[in-house]
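Student: This structure is in structure tokens; I'll ask about it shortly.
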Amino acid sequence: MPSLFAEQEREAKLDSLEGPLAILNRHVDFVVMAEEIDRWVPRPSRAKGGRPPYPTELMTRLLVLQQLFNLSDEQMEYQLLDRLSFQRFAGPKNSGRVPDRS
């Protein structure tokens, strides 16, 4: 029988299980890591226009997922759209704008 609270029930269950991505998230400060990356590798100027870049923290998290699960750019895009655990780890769960393979 369908539940009106299925999504919240799954979220609570995932929180209680604390998978490997939740543990990694608890031990690695991705905000500080992104700040250091931006400090050492500044983003190009947007003076010429174009699409705004994705946040460094999000892209760092996606690179970690790609390395951990040995994913191509195409598979990373698919898995990010498909897997709740990837969405929770990377952060774009409630966003319609997620990085694509390009």
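The values are calculated or read from the model by the stated rules, or taken from the named source; none is laboratory data. Keep in mind it's a predicted model, so treat the numbers as computed, not measured. Cβ coordinates were reconstructed from backbone atoms using ideal geometry, including for glycine residues, and neighbour counts include every protein chain displayed.
Student: Restricting attention to segment 6-53, which residues are closer than 23 Å to Leu84 by Cα, exposed (fewer than 10 other Cβ atoms within 10 Å of the Cβ) and either among the hydrophobic types (A, V, I, L, M, F, W, C) or at pLDDT below 85 (or both)?
Tutor: The answer is Ala6, Lys13, Ser16, Leu17.
Student: Further question on the same structure: Under 6 Å between Cβ atoms, which residue pairs at least 6 apart in sequence (or on different chains) link something in segment 26-45 that is more than 11 Å from Thr60 (Cβ to Cβ) with a partner that is part of a loop (DSSP other than H, G, I, E, B)?
Tutor: Correct list of pairs: Arg43/Pro53.
Student: Could you list, in sequence order, all residues of segment 23-56 that are among the hydrophobic types (A, V, I, L, M, F, W, C) and out of contact with any Asp or Glu (no Cβ under 8 Å at 6 or more places or on another chain)?
Tutor: Ile23, Leu24, Val28, Val32, Ile37, Trp40, Val41, Ala47
Student: Tell me, please, whether a residue that is at pLDDT 90 or above and over 23 Å from Val41 (Cβ atoms) can be found in segment 58-69.
Tutor: Yes: one or more hits.
Student: Any residue at all in segment 77-86 that is touching a residue at least 40 places away in the same chain (Cβ under 8 Å) and either over 14 Å from the mean Cα position of the chain (by Cα) or surrounded by 13 or more Cβ atoms within 10 Å (Cβ to Cβ) (or both)?
Tutor: Within segment 77-86, one or more residues are touching a residue at least 40 places away in the same chain (Cβ under 8 Å) and either over 14 Å from the mean Cα position of the chain (by Cα) or surrounded by 13 or more Cβ atoms within 10 Å (Cβ to Cβ) (or both).
Student: Turning to a different aspect of this structure: Out of the residues in segment 3-49 that are acidic (Asp, Glu) and in a helix (DSSP H, G or I), state the one that is farthest from the chain's Cα centre (by Cα). Outline the logic, then answer.
Tutor: So the first thing to find is which residues in segment 3-49 are acidic (Asp, Glu), and the list is 7, 9, 11, 15, 18, 29, 35-36, 38.
Going one step further and asking which of them are in a helix (DSSP H, G or I), we end up with 7, 9, 11, 15, 35-36, 38.
Values: Glu7: 19, Glu9: 21, Glu11: 16, Asp15: 17, Glu35: 16, Glu36: 18, Asp38: 17 Å.
The selected residue is Glu9.
Student: I've got another one for you. Is at least one residue of segment 54-72 within 11 Å of the chain's Cα centre (by Cα), surrounded by 13 or more Cβ atoms within 10 Å (Cβ to Cβ), without any contact (Cβ under 8 Å) to a residue 40 or more places away in the chain and in a loop (DSSP other than H, G, I, E, B)?
Tutor: Within segment 54-72, one or more residues are within 11 Å of the chain's Cα centre (by Cα), surrounded by 13 or more Cβ atoms within 10 Å (Cβ to Cβ), without any contact (Cβ under 8 Å) to a residue 40 or more places away in the chain and in a loop (DSSP other than H, G, I, E, B).
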